[in-house]
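The values are calculated or read from the model by the stated rules, or taken from the named source; none is laboratory data. Because the structure is predicted, anything quoted here is derived from the model rather than measured. Cβ atoms come from the backbone with ideal geometry, glycine included; neighbour counts cover every protein chain shown. In case anyone asks, the SASA skips ligands and DNA or RNA and just uses the protein heavy atoms, side chains included. Shrake-Rupley method; radii C 1.70, N 1.55, O 1.52, S 1.80 Å.
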Amino acid sequence: AVPRTRILATGGASHNKKILQVLSDVFNAPVFTIDTANSACLGSAYRAIHGLVAERNVPLADVVKLAPELRLAVTPTPGAEEV
């Protein structure tokens, strides 16, 4: 089975439920957010750490295990994919 798509929204727009709902409906996928300021910097830091451990074949998934937990913000409106 193919895993379902999920969207991670960060930044200022991630605080607007109406924008998140549009994303969810358009892509027919749940939208998650994280409670972290400067999420782009956080992502860059994880990639840098991953680069440092690359020669040991450490997967990125292992590097980000301590990342903030995702919070489900919205789910697709039933029937939205038909529109």
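Structure notes:
- Subset of segment 56-69 that is assigned to a loop (DSSP other than H, G, I, E, B) and open to solvent by less than 70 Å² (accessible area, probe 1.4 Å) - its residue that is nearest to GLN21 (Cα to Cα): PRO68
- Only residues that are assigned to a helix (DSSP H, G or I) and at positive phi were counted in segment 17-44, giving 0.
- Residues (among the charged types (D, E, K, R) and at pLDDT 85 or above) located in segment 1-44: ARG6, LYS17, LYS18, ASP25
- Within segment 8-31, residues that are under 18 Å from LEU42 (Cβ atoms) sit with their Cβ atoms under 8 Å from residues that are modelled with pLDDT under 90 and hydroxyl-bearing (Ser, Thr, Tyr), at 6+ positions apart or across chains, in these pairs: THR10/THR36; THR10/SER39; GLY11/SER39.
- Segment 28-42, residues that are touching a strand residue (DSSP E or B) at 6+ places or on another chain (Cβ under 6 Å) and within 13 Å of ALA13 (Cα to Cα): VAL31, PHE32, THR33
- Residues located in segment 70-83, provided they are closer than 18 Å to ALA9 by Cα, of a type outside the set (A, V, I, L, M, F, W, C) and open to solvent by 50 Å² or more (accessible area, probe 1.4 Å): ARG71, THR75, THR77
- Within segment 57-83, residues that are farther than 23 Å from TYR46 by Cα have Cβ atoms under 6 Å from residues that are open to solvent by less than 50 Å² (accessible area, probe 1.4 Å) and among the β-branched types (Val, Ile, Thr) in these pairs: ALA73/VAL31; ALA73/THR33; VAL74/VAL31, counting only partners at least 6 apart in sequence or on another chain.
- Residue in segment 3-14 that is of a type in the set (A, V, I, L, M, F, W, C) and in a helix (DSSP H, G or I) present: yes
- Looking only at segment 33-55, and only at residues there that are touching a residue at least 24 places away in the same chain (Cβ under 8 Å) and open to solvent by less than 80 Å² (accessible area, probe 1.4 Å), the one that is nearest to GLN21 (Cα to Cα): THR33
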